[in-house]
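Notes for the one structure printed next.
The values are calculated or read from the model by the stated rules, or taken from the named source; none is laboratory data. Treat the numbers as computed from the prediction; the structure is a model and nothing was measured. In this analysis, Cβ positions are derived from the backbone assuming ideal geometry, glycine residues included, and neighbour counts consider all displayed protein chains. Accessible surface is based on the protein model in full, side chains and every heavy atom, while ligands, DNA and RNA are left aside. Shrake-Rupley method; radii C 1.70, N 1.55, O 1.52, S 1.80 Å.
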Amino acid sequence: MPKTGALSPDHLRHLKERALFCRLETVRLIQIAKVGHYTSVFSCAEILAALYYDTMRLKPGVPDWADRDRFTMGKGHAAVGLYPILADLGFFDPALLDGYTKLGNPLGDHPDMRKVPGVDFSSGSIGHAISGALGMVLAGRAQGRDFHAFALVGDGEMQEGQVWEAALSAAHHKAANLTVIVDRNGFQLDGEVDDIIGVEDLTQKWQAFGWEVHRVDGHDMAALATLLRQVRADTARTRPCCIIANTVKGKGVSYMETEPGWHLGYLAPEDEARAIEELKQGAGL
């Protein structure tokens with residue numbers, strides 16, 4: 001059954017700790033690969049933690065459970081933050097993390113559903129995640145299953161035409177068990193989203209396409225997890241839901257926050273130590 005009601009203080013602390021775990025493991029794994037997307041993970045760490053440790057219907061250790069909730073990631077370059085969570089849930093041997101991106105290791109820069117247990121969607125080119133999640137929802141409907149599908153997408157991804165084709169289709173099919181989460185961190189590869197192709201007003205756009213829309217602080221774990229619980233448990237809704245999560249790219253590391261040059265990078269040892277210290281301090285645990 002979907003979780004409902006208020007989060008206990010202990011569980012809220014656990015979710016915050018898992019978000020910190022996601023960030024720290026991202027730093028560790030990128031040090032293995034020698035290059036990676038720190039800031040893209042840091043903006044959505046709370047979202048990943050809330051989904052996998054609270055919202056989604058999952059069976060730890062059973063990645064192919066037929067009735068599990070599904071997850072697709074449009075910003076697939078943030079998979080480095082997802083892998084530690086999947087390993088932590090027992091979907092694959094955590095020892096694989098130590099060989100991240102190495103030759104023969106299934107954990108690549110982008111997730112591959114054919115190779116990594118727990119990954120529901122192989123993502124590379126931006127723009128396909130909502131279509132994939134909708135396909136899963138419609139397939140589940142045909143099979144008589146009631147699982148929910150969550151698609152995490154970047155705000156720069158809103159510039160892709162396929163996003164809006166999928167939005168139209170989902171509303172048409174009344175895909176009430178589909179939720180899109182927009183990581184609204186304001187940046188994409190080439191700079192600020194609103195300087196490249198402005199995407200606002202996102203609330204009005206998604207509403208015009210027939211979706212229920214909510215906005216939330218994507219780093220306020222209590223507000224975020226509570227909203228996700230409400231959305232997942234709502235059986236009266238007859239249309240898909242979009243959550244616009246206002247976030248900060250590079251959240252938790254001062255010299256990375258809102259600095260587009262850190263979209264892809266590598267930390268020197270002294271910078272790594274500073275990043276880890278700032279992440280721990282900022283978590284407030």
## Note on the structure
The one condition Thr179 fails out of (1) modelled with pLDDT of 95 or more; (2) under 23 Å from Ser40 (Cβ atoms); (3) surrounded by fewer than 15 Cβ atoms within 10 Å (Cβ to Cβ) is (3)
### Message
Any residue at all in the range 24-41 that's among the aromatic types (Phe, Trp, Tyr), in contact with an Asp or Glu (Cβ under 8 Å, 6 or more places away or on another chain) and either in contact (Cβ under 8 Å) with a residue 60 or more places away in the chain or closer than 24 Å to Leu285 by Cβ (or both)?
### Response
no
### Query
Quick one: how many residues across the range 253-266 are within 16 Å of Asp183 (Cα to Cα) and open to solvent by less than 60 Å² (accessible area, probe 1.4 Å)?
2
### Message
Any residue that is open to solvent by 70 Å² or more (accessible area, probe 1.4 Å), at pLDDT 95 or above, under 20 Å from Leu7 (Cβ atoms) and not hydrophobic (A, V, I, L, M, F, W, C) - is there at least one of those in the range 221-236?
### Response
yes
### Task
Output the number of residues of the range 117-135 satisfying the condition of being in a helix (DSSP H, G or I) and either touching a residue at least 24 places away in the same chain (Cβ under 8 Å) or touching a Pro at 6+ places or on another chain (Cβ under 6 Å) (or both).
6
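With the condition kept exactly as written, say whether any residue in the range 186-195 is in contact with an Asp or Glu (Cβ under 9 Å, 6 or more places away or on another chain) and on the phi > 0 side of the Ramachandran plot.
There is at least one residue in the range 186-195 that is in contact with an Asp or Glu (Cβ under 9 Å, 6 or more places away or on another chain) and on the phi > 0 side of the Ramachandran plot.
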### Task
Check off (1) open to solvent by less than 60 Å² (accessible area, probe 1.4 Å); (2) farther than 20 Å from Val62 by Cα; (3) among the aliphatic types (A, V, I, L, M) for Ala142 and give me the number that stays unchecked.
(1)
### Query
In the range 71-90, which residues are closer than 14 Å to Val153 by Cα and either in contact with a strand residue (DSSP E or B) (Cβ under 6 Å, 6 or more places away or on another chain) or open to solvent by 20 Å² or more (accessible area, probe 1.4 Å) (or both)?
Phe71, Thr72, Met73, Gly74, Lys75, His77
### Task
Go through the range 25-51 residue by residue and tally those that are open to solvent by 10 Å² or more (accessible area, probe 1.4 Å), modelled with pLDDT of 95 or more and within 16 Å of the chain's Cα centre (by Cα).
2
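Could you grab me the full set of residues in the range 245-285 that are farther than 21 Å from Glu46 by Cβ and either among the aliphatic types (A, V, I, L, M) or within 21 Å of the chain's Cα centre (by Cα) (or both)?
Restricting attention to the range 245-285, the residues satisfying the condition of being farther than 21 Å from Glu46 by Cβ are 260-261, 264-274.
Listed by number, the residues that qualify are Pro260, Leu264, Gly265, Leu267, Ala268, Ala273.
Determine whether the range 66-81 contains at least one residue that is without any contact (Cβ under 8 Å) to a residue 40 or more places away in the chain, touching a Phe, Trp or Tyr at 6+ places or on another chain (Cβ under 9 Å) and more than 23 Å from Arg141 (Cα to Cα). I'd like the intermediate steps shown before the answer.
Pass one, the range 66-81, residues without any contact (Cβ under 8 Å) to a residue 40 or more places away in the chain: none.
Among the residues of the range 66-81, not one is without any contact (Cβ under 8 Å) to a residue 40 or more places away in the chain, touching a Phe, Trp or Tyr at 6+ places or on another chain (Cβ under 9 Å) and more than 23 Å from Arg141 (Cα to Cα), which makes the answer no.
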### Task
May I ask you to verify whether Leu138 is in a helix (DSSP H, G or I), within 20 Å of the chain's Cα centre (by Cα) and either more than 23 Å from Ser40 (Cβ to Cβ) or among the small types (Gly, Ala, Ser) (or both)?
no
### Message
Being open to solvent by 20 Å² or more (accessible area, probe 1.4 Å) and without any contact (Cβ under 8 Å) to a residue 60 or more places away in the chain is the requirement here; does Lys205 meet it?
### Response
yes
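Do you know which residues across the range 2-17 are of a type in the set (A, V, I, L, M, F, W, C) and without any contact (Cβ under 8 Å) to a residue 12 or more places away in the chain? Lay out the reasoning, then the answer.
Looking only at the range 2-17, we keep the residues that are of a type in the set (A, V, I, L, M, F, W, C), and these are 6-7, 12, 15.
None; the set is empty.
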